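The block underneath contains the structure these notes are about, expressed in structure tokens.
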Amino acid sequence: MEHSNSAPTGQIAALSCAQNKQLPSQRARLNQRLLVYAALALCDTAAIRCAFEIAVNLKGHQWLSPNGLELGWLILPLHLLIGLRNGAYSNGALVSRLDSIRLASRSLLVATALVSLLIFFQAAGPLVSRLGFGTGIALSFVFMWFLRVSFLTLFIGQDVSRMFSRLVIVDGPPSDLPISGHVIYASDHGLKPDLEDFSQLARIAELLVPHDQLLIISADKKKRSEWAIMAKSFGITAEVMLDEGSPLGAIALGRYLGRDTVVVSRGPLSLPNRINKRLMDLALASLALLLVGPLLLFVAIAIKIDSPGPVFFRQPRVGRSNRLFNILKFRSMRVESTDVDGTQSTRPDDERVTRVGRFIRATSIDELPQLINVLKSDMSMVGPRPHALGSLAGDELFWKVDNAYWRRHALKPGITGLAQVRGFRGATHRRQDLTNRLQADLEYVSNWSLWGDFKILVATARVLIHPQAY
């Protein structure tokens, strides 16, 4: 469907496109954290290598290299890969010394178990010195604990707040707590947790751009619940401060200025997973653009010959954390009859669709320019499909059908997604059409994996041509 919004789209789009002067500081903090993660990896590398050098000098190289490769060189990459996966190089390893040791120790234990299993099933296993191997592992733990704690103490200290930025929204009377972070009062900015008003989500999304965390303080229990629901859609760590115990869909408990908080969201992806997903997006989108480049040129020429107007159709869509971006598609409708407000779904034999447009819509070729959106980081190869603000399920706006709708925006939107490969695509003439794809989108957000993305991409090949495309 080529549609956008019947609401005040221009005002919201202008807000979303505004340059936030604090954005470089957010990037600087992210770069700083990445450097610290790299330093922790170097500490672990130095610890394991020093430990096994001592073990080799103690027992001899031949007793720790059954196949010519020293066992320490097997354990090291396994430890780093497992640590990247389980959070040994993450925010949790910075905030708490104990968590840093615990997460790194778990990675080393798993790596040791894998190498021990490999030794057991090899004929050269009896040639390994158990004393030498045990010494290398034991010293690796000791050195790793020492280097990690020393580095975090000397270079990070007890206050890690400079590496994170927290936005605190106070909804109600001014708090008497000595609040730290960037504090705004909801009443001063006209903010409220209204899930049926996209302008509220868009404004909060823009306020969150330079920050890493969100904290809500409100004395009203009903509002706390509403804020908790809204916070789950922004894809960052979000907390709600409590007076007393309250569920709010909490996933963890926290503390802030001596008061209890509940963590209602951490974002669906850890930093390592975000990096893995982004690398896959860049590799696949770049390769795809190279392969389909001649086709894109041919289609662009055909569109220009078939009807006057631009080659591309641009439209504001809702992206990650409810921020708007302009999606790119090949134009498939006549310029003079395009439904800019998006209130009219495309119908079979729709007179607005051009001859070339009918073909490229039926074959999904009109979606190929979104590879550019992927390279710009507006979209991902796989994710919930981005919707226009005026999208209707029957005669109701999408977000009014189900309050959980906004949670699908915790991840970047995708060119394809789980809903699409399950056949939930095309016009949404009924509420159930939206409910089906929403359930699939939320399932994808909750259970994301790189292997799952790969399977969806493979399955997409079966649904490129579909009966609902017109």
Exercise for review: Considering only the stretch 141-172, state which residues are surrounded by fewer than 17 Cβ atoms within 10 Å (Cβ to Cβ), out of contact with any helix residue (DSSP H, G or I) (no Cβ under 9 Å at 6 or more places or on another chain) and either farther than 17 Å from Thr261 by Cβ or modelled with pLDDT of 85 or more (or both).
Suggested key: Leu154, Gly157, Gln158, Asp159
Review point. Among the residues of the stretch 378-388, is there at least one that is among the acidic types (Asp, Glu), closer than 23 Å to Leu271 by Cβ, at pLDDT 90 or above and open to solvent by 30 Å² or more (accessible area, probe 1.4 Å)?
Key: yes
Review point. Restricting attention to the stretch 339-374, and to residues there that are among the hydroxyl-bearing types (Ser, Thr, Tyr) and surrounded by fewer than 19 Cβ atoms within 10 Å (Cβ to Cβ), which single residue is modelled with the lowest pLDDT?
Key: Thr343
Revision key, fill the gap. Exactly one of Ser233, Ser270, Ser218 is surrounded by 18 or more Cβ atoms within 10 Å (Cβ to Cβ), at pLDDT below 80 and within 26 Å of Val318 (Cβ to Cβ), and that one is Ser270
Exercise for review: Among the residues of the stretch 436-457, count how many are of a type in the set (S, T, N, Q) and in contact (Cβ under 8 Å) with a residue 40 or more places away in the chain.
Suggested key: 1
Point to revise | Filtered residue count, the stretch 22-78, keeping only those that are over 23 Å from Arg102 (Cβ atoms), among the charged types (D, E, K, R) and in contact (Cβ under 8 Å) with a residue 24 or more places away in the chain | key: 2
Revision key, fill the gap. Per the list (1) under 23 Å from Ile275 (Cα atoms); (2) in contact with a Pro (Cβ under 8 Å, 6 or more places away or on another chain), residue check on Gly92 breaks on (2)
Exercise for review: Could you figure out which of (1) modelled with pLDDT of 80 or more; (2) surrounded by 21 or more Cβ atoms within 10 Å (Cβ to Cβ); (3) out of contact with any Phe, Trp or Tyr (no Cβ under 6 Å at 6 or more places or on another chain) isn't true of Asn326?
Suggested key: (2)
**Study point:** 3 or more residues at pLDDT 85 or above, touching a Pro at 6+ places or on another chain (Cβ under 8 Å) and farther than 29 Å from Asp350 by Cβ: qualifying helices (runs of 4 or more DSSP H) within the stretch 393-470
**Key:** 431-446
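One line per residue, one yes/no per condition, for (1) in a helix (DSSP H, G or I); (2) over 22 Å from Asn31 (Cβ atoms):
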| site | (1), (2) |
| --- | --- |
| Ile82 | yes, yes |
| Tyr89 | no, no |
| Ile101 | yes, yes |
| Arg106 | yes, yes |
| Ala113 | yes, yes |
| Ile119 | yes, yes |
| Leu131 | yes, yes |
| Leu139 | yes, yes |
| Phe155 | yes, no |
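The values are calculated or read from the model by the stated rules, or taken from the named source; none is laboratory data. These figures come from a predicted structure and were not determined experimentally. We place every Cβ from the backbone using ideal geometry, glycine too, and count neighbours over all the protein chains shown. In case anyone asks, the SASA skips ligands and DNA or RNA and just uses the protein heavy atoms, side chains included. Shrake-Rupley method; radii C 1.70, N 1.55, O 1.52, S 1.80 Å.
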